[in-house]
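All remarks here apply to the structure that follows.
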Amino acid sequence: MNIQDIPLIKHTDSGNFFLLAGPCAIEGEEMALQIAEKLVGITNSLQIPFVFKGSFKKANRSRIDSFSGIGDEKALKILRKVSETFNIPTVTDIHTNEDADMAAQYVDVLQIPAFLVRQTDLVVAAANTGKVVNLKKGQFMSPESMKHAVQKVLDCNNTNVMVTDRGTMFGYQDMIVDFRGIPTMQNYATTVLDVTHSLQQPNQTAGVTGGRPDMIETIAKAGIATGVDGIFIETHFDPANAKSDGANMLHLDYFEALMTKLVAIRQTVNKF
């Protein structure tokens, strides 16, 4: 796909990577608008094509008492308000066939979670909406196997598909990024590196996923140097009190400095 096919996206002629970023979950209107305003300012200044990310619900939780959302329609309306307020595209993940049609009324990109990317009916439902589809590579899947997930979208006459590497399981409680997978998956579709989820430490005994946010800059720099098309980063102004995935999110205060470094690396890569 061409990122210019994402509605409302800007700075597509800048030569930069594109960015999917925002909080893990929509916790409320004020927080979503606050984070979006900061990210819009940064990405406009650095001319980074930007899609605001926020989950309208979190269906995949370790424990039944974990935060799952503020209500589907309420969260989706907030995503729409973010889009209309800042004139930017939005992405959210879906978990059921019914979610596809519902979310497509509010956002520009539908994301298939990594644990669900082999679910044919879900992928087809997303593709049939005509929206851009972002396929997260399963933590248990090889880069080569993602060509079949991509083909499911293409077979629905939807060419607007991208794939996202969010790390590969390394034992029971850790993940690694195999950067060889980026050029491999670029043979099939536009490819994104999910930096923050790649640094998760799942399956903790407490039932809350851990993470290594101290390694965000390292993984992000390596991804840009490898030539990835896009970067995915979850961020929050108060990660310690975020309702989901706070352990591996980037503090919003550090976002501009990281983007500035990544743009500089991309400019260097573009010279070769």
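Read-outs throughout are calculated quantities, based only on the coordinates presented, and are distinct from any laboratory measurement. All values derive from a computational prediction rather than experimental measurement. All Cβ positions, even for glycine, are placed from backbone atoms using ideal geometry, and neighbour counts span all protein chains on display.
If you build a Gaussian network model of the chain, linking Cα atoms that sit under 10 Å apart, which residue out of 241, 158, 128 swings the most?
241
Over 24 Å between Cα atoms, which of 131/152; 77/221; 10/137 qualify?
77/221; 10/137
What spacing in nm lies between the two simple spin-label points modelled at residue 267 and residue 101, each 7 Å away from Cα in the Cβ direction?
According to this spin-label approximation, the distance is 4.9 nm.
Quick one: Karplus J couplings for the range 189-194, per residue in order, coefficients 6.51, -1.76, 1.60, θ = phi - 60°, nearest Hz, x for Gly and Pro?
Per-residue couplings from phi come out as 6, 3, 10, 10, 10, 7 Hz.
Could you work out the relative contact order of the range 140-272? I mean the mean sequence separation of Cα pairs under 8 Å and 6+ apart, divided by the number of residues, in percent.
20 percent
Find the centroid of the Cα atoms in the range 72-135 and in the range 181-240, then give the distance between the two in whole Å.
If you average the Cα positions of each part, the centres end up 20 Å apart.
List the relative contact order of the chain as a percent without decimals, with contacts defined as Cα pairs under 8 Å and 6+ residues apart.
Relative contact order of the chain: 18 percent.
Provide Rg over Rh for the chain; use the alpha carbon set for both Rg and the Kirkwood Rh (inverse mean inverse pair distance).
0.92
Restricting attention to the range 237-272, which trypsin sites (Lys or Arg not before Pro) occupy a DSSP loop and are surrounded by at most 11 other Cβ atoms within 10 Å?
When the trypsin sites (Lys or Arg not before Pro) of the range 237-272 are filtered for loop state and at most 11 Cβ neighbours within 10 Å, 271 remain.
Can you compute the radius of gyration and Dmax for the range 177-272, using only the Cα atoms, both in Å?
14.3, 47
Got the relative contact order for the range 1-54 handy, in percent, Cα pairs under 8 Å and 6 or more residues apart?
Relative contact order of the range 1-54: 51 percent.
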